[in-house]
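Values quoted throughout were computed directly from the atomic coordinates according to the rules given, and no laboratory measurement underlies them. Keep in mind that what you see is a predicted model, and the values were worked out from it rather than measured. Positions of Cβ are backbone-derived with ideal geometry, glycine not excepted, and every protein chain shown enters the neighbour counts.
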Amino acid sequence: MPAEAREGAIDLRDHWWWRSGWERGTRYYTWHLTFEHEPALQRLVLDYQEVLRGFSFLDPVPIEWLHLTLVGVGNATTVNDLHVRTVIDQVRGEIAGGPPISLTFQKPVVLREAVSLIVEPTESLSRLMATLRHAVTGSLGAAAPPEDARFPFVPHVTMAYVNADADGRGVIRALEHKPERVAARVSPVLALIELHRDNRQYEWRTLEEIPLAD
């Protein structure tokens with residue numbers, strides 16, 4: 001899910017309210033980056049989650065569900081198997097032969113509904129986003145989800161979601177006292193997933209994976 005990017009936010013808000021079009025049982029197709037095979041990033045996240053463990057209003061993200069949200073495809077009740085296959089083939093064709101993507105994670109930020117790691121460089125991810133949007137729109141036409149201009153693309157990986165309205169100043173102070181560490185040369189996998197949030201966390205079934213490394 002897109003995060004409201006307010007770096008240094010103080011007033012935290014419960015993330016787990018039901019957005020329009022979402023309820024228990026909803027399944028949604030979307031492109032994410034996943035990090036199952038990136039131990040350096042996983043260690044960095046676990047290190048920060050240890051600092052955040054004392055805050056009951058934060059739900060740490062299990063390592064297997066770390067992700068970077070990219071482009072939605074649509075609700076599983078309206079996007080059929082043929083649409084899914086067409087989108088996958090279009091994406092594979094458009095990114096074939098493209099440059100590998102290598103990411104760096106360093107700076108933790110407190111957002112309105114989450115504590116996240118900012119991802120750099122943004123240029124390669126912005127190009128990937130544009131490619132995915134072009135592929136989804138080209139495959140689905142008017143049925144493609146519209147881009148939400150309220151949420152500019154701020155690439156991040158969430159380490160913990162806020163589960164209640166709270167004051168975030170203690171979280172900010174705790175992070176400020178933690179020496180910054182870096183996870184560099186992280187090579188994500190581009191994944192088309194069937195996403196749900198029935199259990200107050202984002203979980204999914206992977207439909208297709210496309211490596212982005214050399």
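What to note about this one:
- Scanning the range 20-52 for residues that are under 17 Å from residue 159 (Cα atoms) and free of Cβ contacts under 8 Å to residues at least 40 places away in the same chain yields 39, 42, 46, 50.
- Filter result for the condition that a residue is surrounded by 14 or more Cβ atoms within 10 Å (Cβ to Cβ), of a type in the set (Lys, Arg) and within 19 Å of the chain's Cα centre (by Cα), over 13, 43: 13
- Scan the range 190-203 for residues that are surrounded by fewer than 18 Cβ atoms within 10 Å (Cβ to Cβ) and touching a strand residue (DSSP E or B) at 6+ places or on another chain (Cβ under 7 Å) and the total you get is 4.
- Condition met for residue 26 (crowded, with 16+ Cβ neighbours inside 10 Å, of a type outside the set (A, V, I, L, M, F, W, C), more than 30 Å from residue 178 (Cβ to Cβ) and over 16 Å from the mean Cα position of the chain (by Cα)): yes
- The range 129-175, residues that are closer than 20 Å to residue 45 by Cβ, hydrophobic (A, V, I, L, M, F, W, C) and surrounded by fewer than 21 Cβ atoms within 10 Å (Cβ to Cβ): 154, 172, 174, 175
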